[in-house]
Amino acid sequence: MIRINENYLKLKSSYLFSEIAKRVSEYQKANPGESVIRMGIGDVTQPLPSAIIEAFHKGVDEMADLSTFKGYGPEQGYDFLREKVAEFDYRQRGAKVDADEVFISDGAKCDTGNIQEIFAGDISIAIPDPVYPVYVDTNVMAGRTGENVGGRYQKLVYMECTADNGFVPEFPKEKVDLIYLCYPNNPTGATITKEQLKRWVDYARENRALILYDAAYEAFVRDKTLPRSIFEIDGAREVAIEFRSYSKTAGFTGTRCAFTVIPKECMGYDSAGNRHSLHAMWNRRHTTKFNGVSYPVQKATEAVYSAEGQKQVNAIVDGYLENARIVREKMTSYGYQCTGGENSPYIWVNTMRDSWEFFDMLLTRCQVVCTPGEGFGKCGEGYIRISAFNSRDNVINAMERIAKL
Ligand code: MLT
């Protein structure tokens, strides 16, 4: 008899964004004439800029030529890309990261979901609430969370992020081993200061804990006083792993490229208290289960760092940031309290109503899709998240439709 992993039975029946897609598609089937504006999932809408497309084409052409054809590449990524990441994303911003500490992958979703495989089954995990659901669901699948009672998994330590603490959590009361942090935050759009992040790094060092730092939205940080990487903080190399993505930075949601940085000083412990390199463990996992991102995609990604690539990519991010500003300004003028939308593509709107009810109302009366805050956790109840990833016309149109409510 083939038995199943019963931890899957503890999950909500579908993944948040699949549930939203299902509801939107049902609505569209029932109302075929309506034009729906999607500001739910954070999916980019602008095409890849020319500098990236040219490099992508060249990479494809090389695959068609006997003298430049590539078979399996290094699982961790080609050196040409790992070097660029270390130089442009870290060293030039005053953070020490070596090229061989960078693991190129096909997504921060996959990496943040897969990383938990290298940790023990009985560690204690601190999760912000609200939170990107992948961190929770992947630990549920691995059996670390216990049952869901009243919307909360019993063995997780929830760190409540509310307007009162500026959506930056306080330290948990109980001892925890693994801490998930994401800034600029998904879903709240909140940011963290260097001083706040330093306190988390010190906390992790004092408690021999590890921080999983999701920086997928760092490209949206325009305030130069805010950190774009946890490795800008002294001491973080020993206690943090960072996840980054080209999805929102360079429009790669459909192209797929991302990376994870694990410094060589970063250690975990066995049951006897001996130290083990997490870099070595992830390298073992990555080489065993992953065959690398395709060569043309890595060539396309390399072009993100060229002078022209930087200019084009920044212009696209600026466009989304302007959308975010418009959404925040309009929703505020309609009387809603908003967080995010500055240094972030997400606007977290306090609706003071049941969040799924508000989602349904926006869909059926305005034909605008948002993400109900409850889908990100209990503390998301009463809120919705609006994504700025759309065309300017659609954003303005969506705001006009909401104004009529
Ligand atoms: C989101 O909307 O939260 C993200 O697009 C989801 C993701 O990056 O997987």
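The values are calculated or read from the model by the stated rules, or taken from the named source; none is laboratory data. Not measured: the values here are computed from a predicted model. Ideal geometry is used to build each Cβ from the backbone, glycine not excepted, and the neighbour counts take in all protein chains shown. Areas reflect the complete protein model, heavy atoms only, side chains present, ligands, DNA and RNA absent. Shrake-Rupley method; radii C 1.70, N 1.55, O 1.52, S 1.80 Å.
Key figures for this structure:
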{"item": "Dipole of the chain, positive end: most advanced residue of VAL201, GLY382, PRO345 [Cβ charges, Cα centre]", "result": "GLY382"}
{"item": "At most 15 other Cβ within 10 Å, DSSP loop - trypsin sites (Lys or Arg not before Pro), the stretch 65-154", "result": "LYS70, LYS96"}
{"item": "Relative contact order of the chain, pairs being alpha-carbon contacts under 8 Å that are 6 or more residues apart, as %", "result": "23"}
{"item": "Lysines whose Cα lies under 19 Å from that of LYS330, excluding same-chain neighbours fewer than 8 positions away", "result": "LYS404"}
{"item": "Percentage, to the nearest whole number, of Cα pairs in the stretch 135-254 over 20 Å apart", "result": "47"}
{"item": "Beta bridges by DSSP in the stretch 206-313, antiparallel share as percent, to the nearest 5", "result": "65"}
{"item": "In order through the stretch 252-261: 3J(HN,Hα) via Karplus (6.51 cos²θ - 1.76 cosθ + 1.60), integer Hz, x for Gly, Pro", "result": "9, 4, x, 8, 6, 7, 7, 7, 10, 10"}
{"item": "Of VAL304, MET399, MET281, farthest towards positive along the dipole that unit charges on Lys, Arg, Asp, Glu beta carbons give the stretch 260-405", "result": "MET281"}
{"item": "Cα pair count fraction exceeding 13 Å, expressed as % - the stretch 295-337", "result": "64"}
{"item": "Under the Karplus curve 6.51 cos²θ - 1.76 cosθ + 1.60, θ = phi - 60°, whole-Hz ³J(HN,Hα) for the stretch 306-323, x wherever Gly or Pro sits", "result": "6, 4, 5, x, 4, 4, 5, 5, 4, 5, 5, 4, 4, x, 5, 5, 5, 4"}
{"item": "Accessible surface of the chain [probe 1.4 Å, protein heavy atoms]: carbon and sulfur percent", "result": "50"}
{"item": "Principal axes of the stretch 21-100: Cα extent on each, largest first, Å", "result": "52, 41, 25"}
{"item": "THR364 versus GLN92: modelled label distance in nm, points set 7 Å from Cα along the beta carbon direction", "result": "5.1"}
{"item": "About the Cα centre, charge dipole magnitude for the stretch 243-332 (Lys/Arg +1, Asp/Glu -1 at Cβ), debye", "result": "260"}
{"item": "Residue-wise HN-Hα coupling along the stretch 71-82, computed from phi with Karplus coefficients 6.51, -1.76, 1.60 (Hz; x: Gly, Pro)", "result": "x, 3, x, x, 4, 7, x, 6, 4, 4, 8, 4"}
{"item": "Proximal aspartates and glutamates relative to LYS155, as straight alpha-carbon distance under 15 Å, when same-chain residues fewer than 8 apart are discounted", "result": "ASP122, ASP129, ASP137, GLU147, GLU174, ASP177"}
{"item": "Protection proxy ranking, peptides 339-351, 51-63, average beta carbon neighbours within 10 Å, highest first", "result": "339-351, 51-63"}
{"item": "Rounded FRET efficiency, nearest 0.05, which uses the C-beta distance separating ASN291 from VAL60 and R0 of 25 Å", "result": "0.85"}
{"item": "Unit charges on C-beta of K, R, D, E only; dipole of the stretch 46-124, Debye", "result": "280"}
{"item": "Interchain or long-range residues, amide H under 5 Å from ALA190's placed H", "result": "ASN185"}
{"item": "Paired Rg and Dmax values of the chain, which use every Cα atom, in angstrom", "result": "21.2, 65"}
{"item": "Where labels lie 7 Å past Cα in the beta-carbon direction, separation of SER124 and ARG199 in nm", "result": "2.0"}
{"item": "Qualifying lysines (Cα of each under 24 Å from Cα of LYS198; at least 8 residues distant if same chain)", "result": "LYS96, LYS173, LYS175, LYS224, LYS264"}
{"item": "Cβ-based charge dipole, the chain, positive-most Cα from GLY235, TYR8, ILE115", "result": "TYR8"}
{"item": "Solvent-accessible area per residue, Å², over the chain with all protein chains present [probe radius 1.4 Å]", "result": "44"}
{"item": "Helix-only [θ]222 nm of the chain, DSSP H runs n ≥ 4, -39500 (n - 2.57) each, per residue, nearest 500", "result": "-10000 deg cm²/dmol"}
{"item": "For the stretch 97-136, alpha-carbon Rg and Dmax in angstrom", "result": "12.6, 33"}
{"item": "Under 5 Å, built H, 5+ apart or other chain: amide partners of VAL97", "result": "ARG91"}
{"item": "Net dipole in debye of the chain [+1 Lys, Arg Cβ; -1 Asp, Glu Cβ; about Cα centre; nearest 20]", "result": "380"}
{"item": "Rough spin-label spacing in nm, given labels placed 7 Å along Cα→Cβ, for GLU34 and ASP270", "result": "5.9"}
